[in-house]
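Peer 1: Below is one structure. I have some questions about it.
Each value in this text was obtained by applying a stated rule to the coordinates, not by laboratory testing. Treat the numbers as computed from the prediction; the structure is a model and nothing was measured. Heads up, the Cβs are rebuilt from the backbone with ideal geometry, glycines too, and the neighbour counts pull from every protein chain shown.
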Amino acid sequence: MNHEYFLAMSYGAAAVAIVAEIILLRVRRARALRRIEEERDLETQD
Amino acid sequence: MNWFYFASPATFYRLAGRIAPWFFVLAAIFAAAGLYVGFVVAPTDAQQGEVYRVIFIHVPAAWLSMFLYLVMAAYGAVSLSFNTRLAAMMARALAPTGALFTFIALWTGAFWGRPTWGTYWAWDARMTSELVLLFLYFGFIALANAFEDPRRGDRAAALLSLIGVVNLPIIYFSVQWWNTLHQGSSVSFKGTSMHIAMLQAMVLMALASWMYAAGMSFSRVRAIILERESRTHWVRALARPA
């Protein structure tokens, strides 16, 4: 195996991990906001 | 300056929202500069050839994995001592990014080790203690979320983070205390044995990693504040109008 493989596996995995972290955080924030809206809507109905 | 003003989740939520994007911008600038210097300007290593360029991501990730743990434990100590909600939330916000950089350090280390040492992994003191750090991060995250009452989770996780601090000097000094496969530091306060362009690339990538981690932590603490303060009026007002 040449050096391109080891460099690609290192930088590629790091890039994938960072992108995954950003996406997961966006999903978490969207879920938190959705839950707040749902709770508020339920209280308004009550 | 009145620090208690910024200790309020409502104030800090807005402050973190204002500063986080700037950290991401700085991270992108430093990363672009670091990758350019690392791949275009820095010369080929006489012994390791091109594969040494893994250090531009491996070393900053390893530094940050330890630094973030230290900051997380410091927030844990503040949260335990003063019973502050925001400190506990910051500790929670730092843990996933710390775990991510520990994983990157271990993963890139494996892909540097294979061509240079002939193996992806060895149960050497530096690598094993770094793996223990990853498990400490996982333990912190699991413990923090294991309780129905988040304040109990905060306290248990803070205690674990403080106990785990003992692992940091073990990681740092392992290459001096034991005869390890992992080489000693190429950079210290006394100087460096590296080519100046290699050092510049490593410092730029370290700055990029620090900026990214700061941006992510501030962004994540905002999500945590939303989750934890969801019943307060100011959080309700943030969500779309009913």
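Peer 1: For region B:62-200, divide the Cα radius of gyration by the Kirkwood radius and give the resulting Rg/Rh value with two decimals. It would help to have the intermediate numbers written out before the result.
Peer 2: Values: Rg = 16.8 Å, Rh = 16.1 Å.
Ratio value, two decimals: 1.04.
Peer 1: Additional query: Please arrange B:170, B:104 by counting, for each residue, the other beta carbons lying within 10 Å of its beta carbon, fewest first. Walk me through the numbers on the way to the answer.
Peer 2: Numbers: B:170 17, B:104 25.
Taking fewest neighbouring Cβ atoms as first place, the list is B:170, B:104.
Peer 1: Follow-up question, since we're still on this one. Using only Cα atoms, find the angle between the long axis of helix A:3-45 and the longest principal axis of chain A, and express it within 0 to 90 degrees, rounded to the nearest 10.
Peer 2: Computed tilt is about 0 degrees.
Peer 1: Specify the inter-centroid distance of region B:39-104 and region B:121-179, based on alpha-carbon positions, in whole Å.
Peer 2: Rounded to whole Å, the Cα centres lie 13 Å apart.
Peer 1: For residue B:119 and residue B:135 in one chain, what is 0.36 nm times their gap in residues minus the Cα-Cα distance, to one decimal in nm?
Peer 2: Values: separation 16, 0.36 × 16 = 5.76 nm, distance 2.21 nm.
Between residue B:119 and residue B:135, full extension yields 3.5 nm more.
Peer 1: Using all C-alpha to C-alpha distances in region B:1-112, build P(r) with 5 Å bins and read off the rounded percent in each one.
Peer 2: 2, 10, 14, 17, 18, 13, 10, 7, 5, 3, 1
Peer 1: Need one value for A:29-41: mean number of C-beta atoms belonging to other chains within 10 Å of its residues' C-beta atoms. Spell out each step's value before the answer.
Peer 2: Values: counts 7, 1, 3, 11, 8, 2, 4, 12, 5, 1, 4, 9, 2.
If you average over the peptide's residues, the count of other-chain Cβ atoms is 5.
Peer 1: Sticking with this one: Along each principal axis of its Cα atoms, how long is chain A end to end? Whole angstroms, biggest number first, please.
Peer 2: Principal extents (largest minus smallest coordinate, Cα): 66, 10, 6 Å.
Peer 1: Could I ask something else about it? What order do you get for A:17-24, B:69-76 when each peptide is scored by the mean count of other beta carbon atoms within 10 Å, highest first? Please report the intermediate quantities before stating the final value.
Peer 2: Working: A:17-24: 13.8, B:69-76: 22.4.
Packing order, densest peptide first, comes out as B:69-76, A:17-24.
Peer 1: Simple spin-label model, 7 Å along Cα-to-Cβ: residue B:128 to residue B:5 in nm?
Peer 2: Using points 7 Å along Cα→Cβ, the separation is 5.2 nm.
Peer 1: Name the longest site-free stretch of chain B, where the excluded sites are trypsin sites (Lys or Arg not before Pro) in a DSSP loop with no more than 12 other beta-carbon atoms within 10 Å. Walk me through the numbers on the way to the answer.
Peer 2: On the way: sites that count: B:190, B:231.
Result, exposed sites excluded: B:1-189.
Peer 1: Evaluate the distance, in nm, between pseudo-label points positioned 7 Å from the Cα of residue A:19 and of residue B:18 along their respective Cα→Cβ axes.
Peer 2: So the two model labels end up 3.4 nm from each other.
Peer 1: Give me Rg over Rh for chain B, both radii from the alpha carbons and Rh done the Kirkwood way, two decimal places. Don't skip to the end; give the middle numbers.
Peer 2: Working: Rg = 19.8 Å, Rh = 19.4 Å.
On the Cα set of chain B, Rg over Rh gives 1.02.
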